[in-house]
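S.K.: Pasting a structure here, questions to come.
Just so you know, all these numbers are worked out from the coordinates, no wet-lab data involved. Keep in mind that this is a model prediction, so the values were computed, not measured. All Cβ positions, even for glycine, are placed from backbone atoms using ideal geometry, and neighbour counts span all protein chains on display.
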Amino acid sequence: MSFELKPSVIIPAHNEAATIGKLLKAIYPGVQSGKYTITVACNGCSDRTAGVVRHFFPQARCLDLARAGKARAINEAEAQGLGFPRIYVDADVYINQEALLALIDACRKSTDPVVVAPQGVLRNGDSDFFVKYYYRAWKKTRFFTEYGYGAGVYGLNRAARQSFSKFPDLISDDGYIRAIFGYSNIAVCEQAHSEVWVPGNFRDLLRIKTRSKLGKLQLAKRQECTVPAGTSTSRFTSRPSLVEWVVYYAVNALAYVNALRYRRRGARYRWHRDESSRGAT
């Protein structure tokens, strides 16, 4: 007798003991009611991330992988034999059960390959001047409003996920997905929202933007990662103020220079993440 596996939620997590409980508490009811499964792929953790998942959310599958690496963690989760659609969620964002179900429904609307993403809601708390103005500009870009960048969540329907084998060992898994499918196959689901906490200070903003630029430099070297259609259109959907424009391009320019310097040194990449916003979750 054949049966259809439930949709799958995959959460790669590295030292997220302080934040992952809030996320799992919001989406765990969907596991208890049988609407989807959750697989948390803890990787290279030196804290109690796996312990938190296993103790408080026993119906979620928890992998405790010795080596750190987001792409590797996703591949290990998918090796468990998961169903479709598949929703990939960063451990430090917040999304609820209703939003996940909306993304799953959006994935099921097409038999062609499709990438879905929620509407991102940026939380900046006590962020400094540069961070606030950077994200004021960022919220006016097509990347954010039309293509779901920065939401920390994306979903793939069966056709999309089966069109490639494994996630390559790259910094940006979501960047890879968008690069191989192109903007025409990306749908932002207006019924779904995810909350993302932005950095609290300029230093951490520059760190994560440097990581983003390093990821793009990696993608540019891969033959299968073509420039997505639509890049000839305006970057912004509404005009930023002069201050927003200056801060946005200045931060991106500095991050790109940092990324080039990092690549030229040939140093092994050490994951740059924002620590300043984690207390806010």
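S.K.: Hey, got the Cα dimensions of segment 1-131 along the principal axes, in Å, largest first?
M.R.: Taking max minus min along each principal axis of the Cα atoms, segment 1-131 gives 54, 33, 26 Å.
S.K.: Related question: Where the only charges are on Cβ atoms (+1 Lys, Arg; -1 Asp, Glu), what is the dipole of the chain about its Cα centre, to the nearest 20 debye?
M.R.: 920
S.K.: Tabulate in residue order the Karplus-calculated ³J(HN,Hα) for segment 13-27, using 6.51 cos²θ - 1.76 cosθ + 1.60 with θ = phi - 60°, rounded to whole Hz; enter x for Gly and Pro.
M.R.: 9, 10, 6, 10, 4, 7, 10, 5, x, 5, 4, 5, 4, 6, 9
S.K.: Name the chymotrypsin sites (Phe, Trp or Tyr not before Pro) in segment 126-216 that are in a loop by DSSP and that have at most 16 other C-beta atoms within 10 Å, would you?
M.R.: F164
S.K.: Evaluate the charge dipole of segment 1-144 about its Cα centre and quote only its size in Debye, nearest 20, assuming +1 on the Cβ of each Lys and Arg and -1 on the Cβ of each Asp and Glu.
M.R.: Working: 19 positive and 13 negative charges, 60 e Å.
Here segment 1-144 has a charge dipole of around 280 debye.
S.K.: While we're on this one: Give me the count of lysine pairs in the chain whose alpha carbons sit under 14 angstrom apart, restricted to pairs 8 or more positions apart or on different chains.
M.R.: 4
S.K.: Using Cβ counts within 10 Å as a stand-in for footprinting exposure, how do L5, L24 rank, fewest first?
M.R.: Fewest-to-most Cβ neighbours within 10 Å comes out as L5, L24.
S.K.: Same structure, new question: Looking at the chain as a GNM with Cα springs under 10 Å, which of V93, V257, V198 has the largest mean-square fluctuation?
M.R.: Of V93, V257, V198, the most mobile in the Gaussian network model is V257.
S.K.: Moving to a separate point now. So what does log10 I(q)/I(0) come out to for the chain at q = 0.07, 0.11, 0.16 Å⁻¹, using the Debye formula with one equal point on every Cα and no solvent?
M.R.: -0.24, -0.62, -1.42
S.K.: How much mean residue ellipticity at 222 nm does the chain get from its helices, if each DSSP H run of length 4 or more adds -39500 (n - 2.57) and you divide by all residues, to the nearest 500 deg cm²/dmol? Walk me through the numbers before you get to the answer.
M.R.: On the way: 10 runs with 112 residues, N = 281.
My calculation for the chain gives -12000 deg cm²/dmol from helical runs alone.
S.K.: Considering only G200, C225, G44, whose Cα is most displaced toward the positive end of the charge dipole of the chain, charges sitting on Cβ of Lys, Arg (+1) and Asp, Glu (-1)?
M.R.: Toward the positive end, the furthest listed residue is C225.
S.K.: GNM on the chain, C-alpha springs below 10 Å: top fluctuator among G120, G44, G152?
M.R.: G44
S.K.: Give me V243, V89 sorted ascending by neighbouring Cβ count inside 10 Å, so fewest comes first.
M.R.: V243, V89
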